[in-house]
1. Residues 66, 31: which one is in a strand (DSSP E or B), in contact (Cβ under 8 Å) with a residue 24 or more places away in the chain, surrounded by 14 or more Cβ atoms within 10 Å (Cβ to Cβ) and of a type in the set (D, E, K, R)?
2. Given the conditions (1) more than 20 Å from residue 15 (Cα to Cα); (2) over 9 Å from the mean Cα position of the chain (by Cα); (3) surrounded by 11 or more Cβ atoms within 10 Å (Cβ to Cβ), which single one is not true for residue 51?
3. Of the residues 7, 58, which single one is on the phi > 0 side of the Ramachandran plot and loosely packed, with under 12 Cβ neighbours inside 10 Å?
Amino acid sequence: MAFKPNKLKYTKYFFTDVLVKRPYLTEEMIENVLIHFEEEEIQINKRISYFGYEPNLKKYLRVVVEIDKNTNEKLIHNAYPDRTFTKKKRGKI
């Protein structure tokens, strides 16, 4: 199955490295995580990680997004099943 970008924009790294290692990823999986994420984390390098459950994989998927400095657009940089993800416990207000 070939990856078919439709709605989202991606970094060169995503196509040259990520898809080579994870050819099972689909744009639908990535979009699903971005829309229905359970956690969001801003990394030290200013990339943003979104964590969401992907039923097709039966695992949590981490989708890493970076902001293009010239256009200010979100670009998908990485995506992978995250074996270390655990939901953060939120206190009641």
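None of the figures in this text is laboratory data; all of them are computed from the coordinates on show. Computed from a prediction, not measured in an experiment: that's the story for all the values here. In this analysis, Cβ positions are derived from the backbone assuming ideal geometry, glycine residues included, and neighbour counts consider all displayed protein chains.
1. Numbers: 31 fails: in a strand (DSSP E or B).
Step by step, each of 66, 31 is checked, and only 66 is in a strand (DSSP E or B), in contact (Cβ under 8 Å) with a residue 24 or more places away in the chain, surrounded by 14 or more Cβ atoms within 10 Å (Cβ to Cβ) and of a type in the set (D, E, K, R).
2. All conditions are met except number (2).
3. Details: 7 fails: on the phi > 0 side of the Ramachandran plot.
The conditions single out 58.
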